[in-house]
1. With unit charges on the beta carbons (Lys and Arg positive, Asp and Glu negative) and the dipole taken about the Cα centre of the chain, which residue among 70, 124, 269 sits farthest to the positive side?
2. Within a Cβ distance under 15 Å of residue 303, other residues only, what is the Lys/Arg minus Asp/Glu net charge?
3. Computed over the Cα atoms, what is the radius of gyration of the range 47-95 divided by 2.2 N^0.38 Å, N being its residue count?
4. For the range 116-184, what does the convex hull of the Cα positions come to per residue, in cubic angstrom?
5. Counting only other residues whose beta carbon sits under 13 Å from that of residue 225, what net charge do I get with K and R as +1, D and E as -1?
6. Which value at 222 nm does the chain reach when only helices count, each DSSP H run of 4 or more adding -39,500 (n - 2.57), with the total divided by all residues and rounded to the nearest 500 deg cm²/dmol?
7. On the Cα set of the range 172-306, report Rg and Dmax in Å, please.
8. Dipole size in debye (nearest 20) for the range 1-113 around its Cα centre, Lys and Arg Cβ +1, Asp and Glu Cβ -1?
Amino acid sequence: MTTPPSDIRTVRVAIIGSGPAGWTAAIYAARALLKPVIIAGLQPGGQLTITTDVENYPGFADVIQGPWLMEQMHKQAEHVGTEVIHDIVVSADLSRRPFHLKLDSGAEMLAETVIISTGAQAKWLGIESEARYQGFGVSACATCDGFFYRGKEVIVVGGGNTAVEEALFLTNFASKVTVVHRKDEFRAEKILQDRLFVHPKVEVVWNHVVDEILGVTENGGSNVTGARLKNVQDGSTRVVTADGVFIAIGHAPSSELFKDQLATKAGGYLVVRPGTTQTEVEGVYAAGDVTDDVYRQAVTAAGMGCMAALEAVRFLAEKDHAAQGHPISHHEAEKIGVW
């Protein structure tokens, strides 16, 4: 390994992104005495920081708050030895090890391994009222929040597989699901459409967009009461009553930083080897929503963060022993890490 300039530090594990995947990876890497460094990014804690009630993360009998959960993971990671840098990675050269990272502050580092946990962002409509009620009736995850709408009416916005799947899922809880789509046909798979069209709880509103999300603010809290829809053909409007609005127009993984360096699949999600978090570049791992276009849950992201850290531990153990003139097998390397 070439000796780096004195002003560029070398780290064993650099973790980019600080959602459930990043914090979990940091915890496991720190417990293996690798002194990981996590670069927290623009939104420390990821999407859970804009999620209020969390009821499906194992280990908590009562409803917890998303920001609180991320705060606890942060504290746990630091407690076991993680260094947290509140900065942004602006460039990453993955063409050779150690990998060269440049931060927005001007700092640089060389990383023997990199764990990418930059997550994905839900695509939003971009209207002011949507932002006002996020977490108070506006959601981008039916799996996360559908349970809170038992016996209530909800709106789902979108026309692809995500929208139809979320609408069908919400019929398990809601008394009525109104699907709003700006066109006169869905992009979703036909089998999903067939299920949706015959469901007695579902109504589809074609050729409409959400013009404004309606709600009330009282007693210090906010609640959605419905949405004003606009007909894209004649400009007329109508109001649909609802207790919740689910935006299901897709997700955008935060993978732009690695464009042309790592393989991606449809939508920009990073490709990993089946059953692992290993990317096509040896020593670079991807965990959480940046690679997961199926589940996108906090608990699955945390699980992948664990996997990425353990894989990095084994990889570094193999390299260390080979450098000492004692090459070992992958099976033997598994015995070296601290699990």
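1. 269
2. Numbers: positive: 296; negative: 289, 292, 311.
So the environment of residue 303 carries a net charge of -2.
3. Values: Rg = 14.7 Å, N = 49, 2.2 N^0.38 = 9.7 Å.
Output field value: 1.52.
4. Details: hull volume 8.2 nm³, N = 69.
Per-residue hull volume (Cα only) is 118 Å³.
5. Values: positive: 132, 152, 228; negative: 153, 212, 218, 243.
Taking every Cβ under 13 Å from that of residue 225, the sum is -1.
6. Details: 8 runs with 83 residues, N = 339.
After summing the helix terms and dividing by residue count, I get -7500 deg cm²/dmol.
7. My reading of the Cα-based Rg and Dmax gives 19.8, 56 Å.
8. Values: 8 positive and 12 negative charges, 104 e Å.
Dipole about the Cα centre, nearest 20: 500 debye.
The values are calculated or read from the model by the stated rules, or taken from the named source; none is laboratory data. Not measured: the values here are computed from a predicted model. Reconstructed Cβ throughout: ideal geometry from the backbone, glycine too, with neighbour counts over all protein chains shown. The area values use the complete protein model at the heavy-atom level, side chains included, leaving out ligands, DNA and RNA. Shrake-Rupley method; radii C 1.70, N 1.55, O 1.52, S 1.80 Å.
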